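*Asks:* What follows is a structure written as structure tokens; I'll ask about it next.
Derivation of every value follows stated rules applied to the coordinates shown; laboratory data play no part. Note that the structure is a prediction, hence the values are computed from the model and not measured. Reconstructed Cβ throughout: ideal geometry from the backbone, glycine too, with neighbour counts over all protein chains shown.
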Ligand SMILES: [Mg+2]
């Protein structure tokens, strides 16, 4: 694609995390697998967990809904519990929290490498003095950024923990992008947002950002444009060269 706008001309650039800065989906898949293989073995649940369970019951769902639907597929019923349940609790929430614990452990043990093109853009913007933020729905954003070794590059990190604390509506509502812009002290109408998910593109678009960049990690260019992306790239290195 030619004639991409220069992102350094914007007052700020706000980045989604999972799928934009880091390939986090693989770590989530790995964590679900580890957790459910242990659980199925301990509870003698059959058939055993397979990768297709991830796509059928877990991918794209909220954590607790995913746990409930996968257990239901094996005719296993446990109480819902509540989000504050400890990871050892045999409730839907407890089991979901157990997955989160495994995710954090995998992240610490194996680390995660940011996408090189994304890192190059982040460093170019920093060198140009452009304020940058992370806007993520994830409650693990701080851990992912630390494991990737890039936390200190960002002026603001708006994540699922802050969103829950402040009662902000999740993407595709614009609230989290708008709040991150406020925290940076910039106007959305003079700033750019970068997203790989349709809900995220819709969120930034509804927030009135001057430019919404879609990163196509498999969703497809047409779908990202339909959702409100102004330009679509498959690697953020396109903004660096
Ligand atoms: Mg994403």
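*Asks:* Using a 10 Å cut-off around each Cβ, can you sort 40, 15 from fewest to most neighbouring Cβ atoms?
*Replies:* Values: 40 19, 15 24.
Placing the least packed residue first, the sequence is 40, 15.
*Asks:* Summing -39500 (n - 2.57) over the DSSP H runs of n ≥ 4 in the chain and dividing by its residue number, what mean residue ellipticity at 222 nm do you reach, to the nearest 500 deg cm²/dmol?
*Replies:* Calculated from helices alone, the mean residue ellipticity at 222 nm is -13000 deg cm²/dmol.
*Asks:* So what is Rg over Rh here for the stretch 149-241, counting just Cα atoms and using Kirkwood for Rh?
*Replies:* Rg divided by Rh gives 0.97.
*Asks:* Going by a ≥ b ≥ c, the root eigenvalues of the Cα gyration tensor, does the stretch 97-179 fall in the rounded group (a/c under 1.5), the prolate group (a/b larger than b/c) or the oblate group?
*Replies:* oblate
*Asks:* Now, a different point. With axes computed from alpha carbons, what is the tilt in degrees of helix 175-184 against the longest principal axis of the chain, rounded to the nearest 10 within 0 to 90?
*Replies:* 50
*Asks:* Comparing 157, 225, 78, which has the greatest mean-square fluctuation in the GNM of the chain with Cα pairs linked when under 10 Å apart?
*Replies:* Judging by the Gaussian network model, the answer is 78.
*Asks:* What angle, in degrees between 0 and 90 and rounded to the nearest 10, separates the Cα long axis of helix 116-127 from the longest principal axis of the Cα atoms of the chain?
*Replies:* It is inclined by approximately 50 degrees.
*Asks:* Mind pulling the angle between the C-alpha long axis of helix 25-43 and the longest principal axis of the chain? Nearest 10 degrees, somewhere in 0 to 90.
*Replies:* So the inclination is approximately 10 degrees.
*Asks:* Right, next: Would you please classify the overall shape of the stretch 26-110 from the alpha carbon gyration tensor, given that a ≥ b ≥ c denote the square roots of the eigenvalues, rounded means a/c under 1.5, and beyond that prolate means a/b larger than b/c while oblate covers the rest?
*Replies:* Judged from the Cα gyration tensor, the stretch 26-110 comes out rounded (a/c under 1.5).
*Asks:* Hey, another quick one. Return the Rg/Rh value of the chain, two decimal places, where both radii are evaluated on C-alpha atoms and Rh is the Kirkwood radius.
*Replies:* Answer for the chain: 1.00.
*Asks:* For 32, 80, what ranking results if the residue with the fewest other Cβ atoms within 10 Å of its Cβ goes first?
*Replies:* Placing the least packed residue first, the sequence is 80, 32.
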